[in-house]
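Trainee: Structure incoming, see below.
The values are calculated or read from the model by the stated rules, or taken from the named source; none is laboratory data. Remember, it's a predicted structure, so these values are computed and weren't measured experimentally. With ideal geometry, Cβ positions are generated from the backbone for all residues, glycine too; neighbour counts draw on all protein chains shown. Just the protein is used for accessible areas: all its heavy atoms, side chains included, with ligands, DNA and RNA removed. Shrake-Rupley method; radii C 1.70, N 1.55, O 1.52, S 1.80 Å.
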Amino acid sequence: MPDIRISPRGVACPWLSWIRWSRLIGLFLLCLFMVAVISHIYLTDINSDPTDGQKLRIPLQTDEDETQIKKLNLEIKSLRKIKASVNNELRDMESKRQKLQVQISNYQKQIDILSAQIETSEKEIKSTQLTLEQLKLEKSEMDKQYLPILKAPIKMLMGDNSNVKLPMPINGQHCKMHSCFDFSRCSVFSGFPVYFYDSEKDLNVGELVPFVKNGIDEYSEKNLYRTDDPSMACIFVVIVGQQINRITYSVLEKSLQKLPFWHGDGRNHILINLMRDQNADIDIFGGADTGRAIIVQSPFVKTIFRSEFDIVVPPNIGKVSGDVWEELPPISPIRRKYFLSFKGSFKGNVQFQNGKQSDEQISNVENSVISFLKNIQLNLDPEIFIEFTCDTIIPGAINGEYSMCQNDESRYELLKQSTFALIISPANESYVSTNIFQLRFYEALKYGAIPVILGDHVTLPYMEILDWKKATVILPKARLTEFHFILRTFTDTAMATMRRTGRYYFETYFSSTQSILDTALALIRTRLNIPPAPMVDMKSPSVFENNSYVDYKYEEVNPDIDEILGPLEAVFPSVKFSNNFTQNVFYHKFTQTGDPFRNYPFTPFEHVLPSESKFIGSGYGFRPIGKGEGGAGKEFSEALGGNLPREQFTLVMLTYERSNVLITALQRLKGLPFLNKAVVVWNNPAPPTPDLKWPDIGVPIHVIKTTKNSLNNRFLPYDVIETEAILSIDDDAHLRHDEIVFGFRVWREERDRIVGFPGRFHAWDVKNNAWLYNSNYSCELSMVLTGAAFFHKYYAYMYSHVMAAAIRDKVDEYVNCEDIAMNFLVSHITRKPPVKVTSRWTFRCPGCPQTLSNDRSHFEERHKCINFFVKVYGYMPLLYTQYRVDSVLFKTRLPHDKQKCFKFI
C-alpha cells in the first residue's frame, strides 16, 4: 500500500504539498511575462499609423470597426482638449494661489508689525503710567516735605574796635579756642580767608632759610584760601622760622607787637616755625609774649604748649611740594630682616623746671631701659638690632634724650630693614615734643618701620585729627618688660595695615612744606567748623558752535528685550554738598584714605538710614518695592527700591575716529530707564563733520571737546556730570538695557566699588617675581574693565586730582592702562575688590575698526603698567574676588502668576 502524505495543516489538496514553492513562483512569473509581451504587441498594433507602410496585424477590418476607431479618435482629441483646458486652469489657479500666498505673507507681516506696535504701545502705556505715578509721588513729596528757609548768619566784625587789647585769660597757659580766638572774623560761610604776611618785610627779624622762604612763597601764591584784604581775613599767618640767624625772645616779641594787624594781643594769628635743621633752637617762642596767637612748630616745652590750641607739626625736611613715592620703600615684605631696631646715645643729665623728678630717678629708669633692651638683643639676635653708642651724633638732643647717630644713609638703611622702630621718649617730661623725637618719628614713617613709642607723655603731630594708634604702637615706659611680647602678637595683616596707614599719613601730612601747612590750616579750619574749599568740576566745552546740534529722528531701533525695566523719569541731579557742616564727617576725612583738604559734592561712603525711617518721616525720594510690601518682577520693575533715595546715572562714552560706531551705540540708549544724560568725550583732533546725524534718545547728549587725545579724559570730573553714578562705556561695547539697569541697581548697593561686566585679574610671575595682566577665563578676578562699568564720580576727582601724576603720565605714554589705574585707585581707597555682574567676559563688535586691544604690544604694556603702579603705591592694592552677581530670582522656579526680576539675568 503506497504511503500517503497528509498536509500537517489539513490542506484540502494534499498533492500541492508535493510541489515546491519555488517552482510555483517561477511559473507565476512566467505567466506575468507572457501577459506583458502580448499586451505590448497588441498596444503597438493599435497605435501604429497605417500610412507608414506597415501592415496591420488585424487582417480584416469592417466598417463598424472604422466607425469605432473614429469615435475613439474624436474622444481622444476631446480628452486632449479637456486636458489642455484643465492644465490652463491649473496654471491660473497656481498663479492665483501664489498671489494669495504673497498677500497672506504681507498680511502676516503687517499683523506682526501691528502686534509689535501694540506691544510697544502697551509697554509705552505702562511706562507712561509708571512715569505718572512717579510724578504724583514727587508732587506728594514736595507738598509734604518741610524745607526751612535757611539764611547765612550775619557776619559780625569788631571793626574799629578790633585793635583794642582785650584782657587775657587769668592763666595764659590755658588759652583755648573759645577764650583766645575771635570767632566773629570766621563765619562758617566765610570760606576761611587767610592773610599771609611777608615775614621778612613785616616781621623784620632776619632772613628765612632759602628752602623755607621759597617754599612759603610758592605755597602762599597757590593757596586756595589766600586773601589780600586783611579786613576780610579769618586768620593771619606769620612764618617766624627757620631763620638763618638766631632770634632773641625780646626782638621777636617787639616785632610781633609791630605787625599791622596784631590787634594788641595777636588774636587769630598763626605763628609758624618750620624747622628745617635739627640743630635749630628748641623753642624760639619760649621767652616771648605771643598773646592769643596760635603757635605751630615741632618742639614744645610743656610750660609753653597749650593743648588743643597750639599745634605740633613734623619737621620740614621734605620737598616743597609734589609726590614722594620714589623715595619710599615698598610695604612688602611685611616681616623685614630686623624685627625691632634702635640706635642712639643717651645724653647727659636732666634739669627739671618743676623739680618733681630727680636726676637719680631718671638715671635709674634709663639704665633699666638700656639693660632690658640689651638682654632682648642677646637672647634674640639677629632679629633685634639695638645699639646705644654712635661714632658721631647729630647735635640738638636735649638732656635726657637719646641722640641720633650722624650717618644718615646707614640710619635710613636700618629703618628700611626693620619691621618696628623703637623710639624712646625723652626722659625729661618737661618737654611734650623735641626736634630729635620728631625727626626719629618722621624717618620711621618714611621708611616703613612701624614706630614703637616707649613713653606716652609726648605729643605726636596733629594728634587732634589723626588717630595715631592706627599707625603706631604707643606704650608707657612701665610696659618696658612686656612691650616685646606685645609686638610679637601682631599678625602680618595687622602690621601691613599699620604700615600702609603710616605711609598714607606720611605722604599726605608730612612729606612736603605744602602738606605740613595744608594740614595745620585744615586743623584750625576744622576747629572752626568751616567746610573745606569745594572741589571744582572740569569745564565741559562743546565741540559744536553755540553748544548745540540738531537731533535727527532715526527710525525706531528694535529693543533687545521687551520687558519694562523702570519708569522713564525727567532728568534730575544728585543732591550735592549735603554734609557741609557735619562735624563728624570733617574729622573722619583725615583718617580715611583720600583727600581731606577739599570738600566733594558727594562721596560713596555715606551711611544709610534704618529701613523703617523711609516710612516714618524720612521717606523723601525713596521708592520702595511695592510701596514697602515687596513683590516679584512686576512690582520690582515699577520702583527703584533699595536702601537709598532714587537717583539716575550719567553715561560717559569715549570715542576716537569711529563716528558710525558711536552713533549706533547712542541709538541703542533710547528708552533706557534711569539715564540722566549721555556724555561723549570727543578725543578726535578734528570736530564732527556737519553731516553727522545725532540721534534723539530722549535725554541730553553732550559732546565734549578735549584739549588732547588722552585716555585719562575718560575719568575727568566734567561739570555736565550731575549724578553720583557714572557708567563708563566704550563706543563698541554692546550692552542690553536690562544688563545696564541691573548693573545700576547693583552699584547702588556697592557704590564704593567698581561694578561692571568684563573681568580681568593680576597673576604672579613666579619666574620673574613680578605681576602679569591676565584676561583668560578665570574663577577669580581682581579688575573690572571700565569699558563697561559703573563707578562713583568721587573717584573721577581722585583719579584726576589726587592720584599720583606719574600714573596718568604712564597712561599717556602707553595710550593704555587707564582702566587698570582706576581699579588700582578704588581698591587702594576701599581695600575691596570690584563687583562683576552677569556672565559677560568680552565684547565683540562686528564691523568695527581695529581696536587698541588687538595690538600685540597691548598686553606687554599692561604687564609693565601693573608693575609700575605697584611701585607708585608701594604695594599691590588689587584684591581677588570669586563671585559674580545675578538677580535674586535668576533660575528660580516661580508660580505662573509671578514674574522674575529680569527675564534673562
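Trainee: Do we find that Ala665 is of a type outside the set (Lys, Arg) and either assigned to a loop (DSSP other than H, G, I, E, B) or in contact (Cβ under 8 Å) with a residue 40 or more places away in the chain (or both) in this structure? Please lay out each step first, then the result.
Mentor: On the way: of a type outside the set (Lys, Arg): yes; either assigned to a loop (DSSP other than H, G, I, E, B) or in contact (Cβ under 8 Å) with a residue 40 or more places away in the chain (or both): yes.
Spelling it out, Ala665 is indeed of a type outside the set (Lys, Arg) and either assigned to a loop (DSSP other than H, G, I, E, B) or in contact (Cβ under 8 Å) with a residue 40 or more places away in the chain (or both).
Trainee: Within the set of pairs 6 or more residues apart or between chains, which connect a residue that is at pLDDT below 95 inside the stretch 874-900 to a residue that is outside any loop (DSSP other than H, G, I, E, B) and charged (D, E, K, R) with Cβ atoms less than 6 Å apart?
Mentor: Within 6 Å, the pairs are Arg884/Lys836; Gln899/Lys634.
Trainee: Which of the residues belonging to the stretch 585-619 are in contact (Cβ under 8 Å) with a residue 24 or more places away in the chain and among the acidic types (Asp, Glu)?
Mentor: Of everything in the stretch 585-619, those that are in contact (Cβ under 8 Å) with a residue 24 or more places away in the chain and among the acidic types (Asp, Glu) turn out to be Asp595, Glu606.
Trainee: Ok, one more. Count, please, the residues in the stretch 599-620 that happen to be part of a helix (DSSP H, G or I) and open to solvent by 30 Å² or more (accessible area, probe 1.4 Å). Reasoning before the result, please.
Mentor: Of all residues in the stretch 599-620, those part of a helix (DSSP H, G or I) come to 611-615.
Of the ones still in play, those that are also open to solvent by 30 Å² or more (accessible area, probe 1.4 Å) are 611-612, 614-615.
Of the residues in the stretch 599-620, 4 are part of a helix (DSSP H, G or I) and open to solvent by 30 Å² or more (accessible area, probe 1.4 Å).
Trainee: Continuing with this model, one more query. So, in the stretch 167-201, of the ones that are modelled with pLDDT under 65 and over 30 Å from Val212 (Cβ atoms), which residue ends up most open to solvent (accessible area, probe 1.4 Å)?
Mentor: Going residue by residue through the stretch 167-201, those that are modelled with pLDDT under 65 are 170-172.
Filter once more, so that each one left must be over 30 Å from Val212 (Cβ atoms): 170-171.
Numbers: Ile170: 183, Asn171: 66 Å².
Step by step, filter the stretch 167-201, then rank; the result is Ile170.
Trainee: Within the bounds of the stretch 764-777, is there any residue that is out of contact with any Gly (no Cβ under 7 Å at 6 or more places or on another chain) and surrounded by 22 or more Cβ atoms within 10 Å (Cβ to Cβ)? I'd like the intermediate steps shown before the answer.
Mentor: Taking the stretch 764-777 first, the residues out of contact with any Gly (no Cβ under 7 Å at 6 or more places or on another chain) are 764-777.
Next, only the ones that are surrounded by 22 or more Cβ atoms within 10 Å (Cβ to Cβ) stay: none.
No: zero hits.
Trainee: Check the stretch 695-717 and report whether any residue there is part of a helix (DSSP H, G or I), modelled with pLDDT under 90 and aromatic (Phe, Trp, Tyr). Full working, then the answer.
Mentor: Just the residues of the stretch 695-717 that are part of a helix (DSSP H, G or I), to begin with: 711-715.
Restricting the remaining residues to those that are modelled with pLDDT under 90 gives none.
No, the stretch 695-717 contains no residue that is part of a helix (DSSP H, G or I), modelled with pLDDT under 90 and aromatic (Phe, Trp, Tyr).
Trainee: Conditions: (1) at pLDDT below 95; (2) aromatic (Phe, Trp, Tyr); (3) closer than 30 Å to Asp809 by Cα; (4) open to solvent by less than 40 Å² (accessible area, probe 1.4 Å). Tyr656 meets all but one. Number of the miss?
Mentor: Tallying (1) at pLDDT below 95; (2) aromatic (Phe, Trp, Tyr); (3) closer than 30 Å to Asp809 by Cα; (4) open to solvent by less than 40 Å² (accessible area, probe 1.4 Å), Tyr656 fails exactly one: (4).
Trainee: Also, I was wondering about something else. Among the numbered conditions (1) among the hydrophobic types (A, V, I, L, M, F, W, C); (2) at pLDDT 85 or above; (3) surrounded by 15 or more Cβ atoms within 10 Å (Cβ to Cβ), tell me where Val575 comes up short.
Mentor: (3)
Trainee: So, one more: Residues of the stretch 675-694 being part of a loop (DSSP other than H, G, I, E, B) and either on the phi > 0 side of the Ramachandran plot or β-branched (Val, Ile, Thr) (or both), which ones?
Mentor: Residues of the stretch 675-694 part of a loop (DSSP other than H, G, I, E, B): 683-693.
Hit for the stretch 675-694 is Thr689, nothing else.
Trainee: Kindly establish whether Val212 is in a helix (DSSP H, G or I), open to solvent by 10 Å² or more (accessible area, probe 1.4 Å) and not hydroxyl-bearing (Ser, Thr, Tyr). Quick ask: steps written out before the conclusion?
Mentor: Values: in a helix (DSSP H, G or I): yes; open to solvent by 10 Å² or more (accessible area, probe 1.4 Å): no; not hydroxyl-bearing (Ser, Thr, Tyr): yes.
In short, no.
Trainee: Which of (1) over 30 Å from His896 (Cα atoms); (2) of a type in the set (D, E, K, R); (3) assigned to a loop (DSSP other than H, G, I, E, B) is the odd one out, the single condition Arg623 does not satisfy?
Mentor: Only one criterion in (1) over 30 Å from His896 (Cα atoms); (2) of a type in the set (D, E, K, R); (3) assigned to a loop (DSSP other than H, G, I, E, B) is unmet by Arg623, namely (1).
Trainee: Do you know which residues across the stretch 445-479 are of a type in the set (S, T, N, Q) and either touching a residue at least 40 places away in the same chain (Cβ under 8 Å) or open to solvent by 20 Å² or more (accessible area, probe 1.4 Å) (or both)? Before the answer, list the steps.
Mentor: So in the stretch 445-479, the residues of a type in the set (S, T, N, Q) come out as 459, 472.
Scanning the stretch 445-479 gives a single hit, Thr459.
Trainee: Mind listing just one residue for me: the one in the stretch 712-726 that is open to solvent by less than 30 Å² (accessible area, probe 1.4 Å), farther than 17 Å from Phe544 by Cα and among the aliphatic types (A, V, I, L, M) and, of those, farthest from the chain's Cα centre (by Cα)?
Mentor: Of everything passing the filter in the stretch 712-726, Ile721 is farthest from the chain's Cα centre (by Cα).
Trainee: Kindly provide the set of residues from the stretch 289-333 that are surrounded by fewer than 22 Cβ atoms within 10 Å (Cβ to Cβ), assigned to a loop (DSSP other than H, G, I, E, B) and aliphatic (A, V, I, L, M), ordered by number.
Mentor: Result: Ile304, Ile317, Val320, Val324, Leu328, Ile331.
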